[in-house]
Every structure is written in structure tokens, then in C-alpha cells.
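Sharing a structure, written as C-alpha cells. Questions coming.
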Amino acid sequence: MSFSGKPTTLVDQVIENDGFWPNLSVAEFQKGYRLPAEYLGEMLAADLTTAMIEVNTDLATVSATLQAVDVSNLEAAAGFTTPAEIAYAHKVMLYKRAVYCRAKASLLTQFATVNRRESAENIGKELPERGETFLAFSQAAVRSLQGRGRITATLL
């Protein structure tokens, strides 16, 4: 169910990735991040694709480092048998979190233009799930994949 009480129709679409990072499912995104039914499938796919490209750009050095140690497809290398496979599985989860949270951050800022009822006027102020929150979740996942902590300090 969405904010309006409409049932959510899951969009059975896969966003093809670059071959190294995992492909992304619009339906998985909808289920995992409780997106309102008012969003059109095309809008979900477009924002998910944009977020994927942005995160891939942020993680270019991470993918290059992993490819240098013969990991050509992260999801294929992931598993639950060896510590290395478990580490790769964790990276897949972090990657999806980074992309899905970045896409939700973008979509949340657009909700008031999708839903034009009176309740939409204050939705940005009332919702605890503001765009900035999900963008912060995305950045935290990206930083973790890069091997950095939540905060970086430099001496000037």
C-alpha cells in the first residue's frame, strides 16, 4: 500500500549494469524501500538508472581495485562459503543500498509533484524519510565500499 491507500503494482524490470556491479531490480527497489504507488514505472526506472550511474562513478576506483585481483563480476564472486565470498556478498548488499537510497532520495523530493492533493503540500515537512536522509544512507554505503569511515578529517 502507498501513502494514498492504493495497492502498489510491482514493476518487473531489470536495470542492466556495467557487468561488474550487480543488475538492479525495480520490483526489489519498490518492495525494499516502500515506494508509493503513485510513481510511474518509468519514473522509478529513470531515477534508479541515474542513481546507478552516479554510484558507479563514485566507486570507479573500488571496482578497478577488485578487478585487479580477478573479480570480474562482484555478484558472481559473492557467496556464503569462504570469508572472501562473504565479503563480496556484503559489498553487493552495500552497493544496492547505496543505489536504492540515492534513488529514493531523488524520488522523495519529487513526490509533491506526483501527488497534488492538499496533503501533498506539507508532505516534505511531515515525513521522517526526507530526501537528505536517504542521500546520507547512500553516501554512507559508498564510503564503506571505498574503505572509508563515516567521517574524514584532514589536517590543513
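If R₀ is 41 angstrom, what is the calculated FRET efficiency for the pair Ala27 and Thr152, using the beta carbon separation as r and rounding to 0.05? Provide the component values of the computation, followed by the final result.
Numbers: r = 35 Å, r/R0 = 0.86.
So, using R0 = 41 Å, E works out to roughly 0.70.
Could you compute the FRET efficiency for Ala84 and Ala64, with r as their C-beta to C-beta distance and R0 at 25 Å, rounded to 0.05?
Efficiency computed from Cβ-Cβ geometry: 0.90.
Sticking with this structure for a sec: How charged is the neighbourhood of Lys91? Take every other residue with its Cβ under 11 Å from the Cβ of Lys91, and add Lys/Arg as +1 and Asp/Glu as -1.
Residues close to Lys91 contribute a combined charge of 0.
Continuing with the same structure: How large is ³J(HN,Hα) for each residue in the range 72-87, as worked out from phi by the Karplus curve 6.51 cos²θ - 1.76 cosθ + 1.60 (θ = phi - 60°), to whole Hz, x for Gly and Pro?
8, 9, 4, 5, 5, 7, 6, x, 10, 9, 10, x, 5, 4, 5, 4
What's the local net charge at Ile53, with K and R +1, D and E -1, over the other residues with C-beta under 14 Å away?
Local net charge: -4.
Values in this text are rule-based calculations from the coordinates and carry no lab data. Bear in mind the structure is a predicted one, so any value in this text is a computation, not a measurement. With ideal geometry, Cβ positions are generated from the backbone for all residues, glycine too; neighbour counts draw on all protein chains shown.
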